[in-house]
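The values are calculated or read from the model by the stated rules, or taken from the named source; none is laboratory data. Everything quoted here is computed from the prediction, not taken from an experiment. Backbone-built Cβ (ideal geometry, glycine too); neighbour counts: all protein chains shown. What goes into the accessible areas is simple: the full protein's heavy atoms, side chains included, and nothing from ligands, DNA or RNA. Shrake-Rupley method; radii C 1.70, N 1.55, O 1.52, S 1.80 Å.
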Amino acid sequence: MKVMMNMLAEKVEQMMEWSSRRSMIRMNGDKFRRFVKAPPRNYSVIVMFTALQPQRQCSVCRQANEEYQVLANSWRYSSAFSNKLFFTVVDYDEGADVFQQLNMNSAPTFMHFPAKGKPKRADTFDLQRIGFASEQLAKWIADRTDVQIRVFRPPNYSGTIALALLVSLVGGLLYLRRNNLEFIYNKTGWAMAALCVVFAMTSGQMWNHIRGPPYAHKNPQNGQVSYIHGSSQAQFVAESHIILLLNAAITMGMVLLNEAATSKGEVGKRRIICLVGLGLVVFFFSFLLSIFRSKYHGYPYSFLIK
């Protein structure tokens, strides 16, 4: 019993020493098995399994690492910091044996290893559905450990600066054109601006802003990149860009069809415009429907593209 207590004290002391140096403890296979998997242990461990080396080309891993760093720093430098919770990182190139041991074939992945017992299903963070924002990770940790972490982000003035530049640009343009403001009443310009807003909202940009999903997903085992999420409960940023472009192409086709029907030009020219518009609508709507079917499994309808 005394030996076990001494081993536990040594492990806690070592983890605290590493935490004093950096908020995220980097681990290889040996460290992971000794300080995370092997008993005795009276502390919880959050592990981010990732692939940060440049040759892995995992941009999502770098984005998730930044959010994880914010969360780890928020815990390390908070008044509630204790030896009951530690943040660690296992990189694929430093602990490939750990990935194999856990049958893990994707990165990044966040797991909670509780102080007692083995991890349950809920101890694996649902990154694909929730995203990897620090606030979402903190909420998940609170559910699993009862440790409340208040996220502190470093000041970011890029949004304020961008807004100020935009206001200055618009103000300068209006001042230069103060003697000729007819362009403000240009219906085509306002229609294009409205369509841009509609495309952005209907493609899921607001969902991306709230949930913070990865841009795409790259399988570290075979290098295959997925741009479309396989579930109807989540999406990638690249997926929203694809949907935006498809909606824009369909809209362009509808505009051409309307132009062909209402213009008074040559019949041959109108026929060509009509065929081009019809082709855009048919092809890109078929593509859009195929993406819908891939996300809503069992959806029975398709058109041209399956």
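Do the conditions hold for GLN148, that is, is it open to solvent by 50 Å² or more (accessible area, probe 1.4 Å) and either modelled with pLDDT under 90 or closer than 25 Å to VAL237 by Cα (or both)?
no
Identify, please: which residue in region 263-298 is hydroxyl-bearing (Ser, Thr, Tyr) and open to solvent by less than 80 Å² (accessible area, probe 1.4 Å) and is, among those, nearest to SER231 (Cα to Cα)?
It comes out as SER294.
Is it the case, given these coordinates, that ALA200 is open to solvent by less than 90 Å² (accessible area, probe 1.4 Å), out of contact with any helix residue (DSSP H, G or I) (no Cβ under 6 Å at 6 or more places or on another chain), part of a helix (DSSP H, G or I) and not assigned by the TED database to the domain that holds THR50?
Judged against the criteria, ALA200 is a match.
With respect to GLU66, determine if the residue is open to solvent by 70 Å² or more (accessible area, probe 1.4 Å), within 23 Å of the chain's Cα centre (by Cα) and either within 27 Å of ALA216 (Cα to Cα) or among the basic types (Lys, Arg) (or both).
yes
Restricting attention to strands (runs of 3 or more DSSP E) lying wholly within region 24-97, give those where 2 or more residues are under 19 Å from THR109 (Cβ atoms) and of a type in the set (Phe, Trp, Tyr). Steps first, answer last, please.
Numbers: elements: 24-27, 44-50, 85-91.
In region 24-97, the matching strands (runs of 3 or more DSSP E) lie at 85-91.
Identify, by number, the condition in (1) outside the structural domain of CYS61 (by the TED database); (2) of a type outside the set (A, V, I, L, M); (3) within 22 Å of ARG56 (Cβ to Cβ) that GLN100 doesn't meet.
(1)
Considering only region 54-63, state which residues are open to solvent by 40 Å² or more (accessible area, probe 1.4 Å) and under 20 Å from SER23 (Cα atoms).
Residues satisfying the conditions are ARG62, GLN63.
Looking at region 10-27 only, could you name the residues that are farther than 21 Å from SER74 by Cβ and open to solvent by 60 Å² or more (accessible area, probe 1.4 Å)?
Residues satisfying the conditions are GLU10, GLU13.
Go through region 151-175 residue by residue and tally those that are of a type in the set (A, V, I, L, M, F, W, C), within 19 Å of GLU67 (Cβ to Cβ) and open to solvent by 70 Å² or more (accessible area, probe 1.4 Å). Steps first, please.
Step one: of region 151-175, the residues of a type in the set (A, V, I, L, M, F, W, C) are 151-152, 161-167, 169-170, 173-174.
With the extra rule that they be within 19 Å of GLU67 (Cβ to Cβ), the set shrinks to 151-152.
Next, only the ones that are open to solvent by 70 Å² or more (accessible area, probe 1.4 Å) stay: 152.
Of the residues in that region, 1 qualify.
Give the residues of region 69-107 that are open to solvent by less than 10 Å² (accessible area, probe 1.4 Å), at pLDDT 90 or above and not hydrophobic (A, V, I, L, M, F, W, C), sorted by residue number.
Those that are open to solvent by less than 10 Å² (accessible area, probe 1.4 Å), at pLDDT 90 or above and not hydrophobic (A, V, I, L, M, F, W, C): SER74, THR88, ASP91.
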